[in-house]
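The values are calculated or read from the model by the stated rules, or taken from the named source; none is laboratory data. Here the structure is a predicted model, which means the values were calculated and not measured. Note that we place each Cβ from the backbone using ideal geometry, even for glycine, and neighbour counts take in every protein chain shown.
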Amino acid sequence: MMMNVGKGWRQQFSRRLVRRWLAHGRRLSSENGMVTTELALTFPAVIMIVVALALTGAAGMAGVQVNAAARAACRSVAIGEDSAAAVAAGNRLLGGAGGSAGSVSVTTTGKDVQCSATKKMPAMLGMLGMNAKAQAVIPREDSW
C-alpha cells in the first residue's frame, strides 16, 4: 500500500492514524499515568497536612499536661502540704521528676497559692523553642 506523495500526503497520513486509533476504540490523547502524576503532585501536601494535625494534637496534649500539673501543685499547697511535695506532684504529671520534662513553681501570697508550670513542646515544636505554659491560683483552705 503506497501512499501518494503529492500535496496532501500529511493529511492522508493523519487521517489514517485517526482512523486506526478510532478503530481500536482509543483516544488520541491518552490519559495513562495521569493518576500517578496527580498523586505525585498532591502527596507532599497531604503529608504536610497530616504532620500539621499530629503536631497540633501534640501541642494540645502538652497544654493539658501543663494545666493539670499547675492545678495539682496548687491543690497540694492549698490543702496544707509543703511546697516541695507540690512541686514533686506537678513534675510527676509533666512526665518526670528530674526537671527534664518541665518545671513547676509555687508561690504563696497572702491567702492565695499561685503555681505556674512550663513544659517544652514535643517533637518539631520543641526544636523551634516553643513552650507550653499554665498558671493556676487557688485560695488556701484555711483562709475561708
| query | Quick check: is even one residue across the stretch 73-80 surrounded by fewer than 12 Cβ atoms within 10 Å (Cβ to Cβ), among the charged types (D, E, K, R) and under 28 Å from GLN135 (Cβ atoms)? | reply | no
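Could you say whether any residue in the stretch 112-119 is at pLDDT 90 or above and of a type in the set (Asp, Glu)? Walk me through how you get there before you give the answer.
Initially, the stretch 112-119 is screened for residues at pLDDT 90 or above, giving 112-119.
Those left that are additionally of a type in the set (Asp, Glu): 112.
Yes, the stretch 112-119 contains a residue that is at pLDDT 90 or above and of a type in the set (Asp, Glu).
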| query | Got a number for residues in the stretch 105-133 being of a type in the set (Gly, Ala, Ser), at negative phi and either in contact (Cβ under 8 Å) with a residue 60 or more places away in the chain or surrounded by fewer than 17 Cβ atoms within 10 Å (Cβ to Cβ) (or both)? | reply | 3
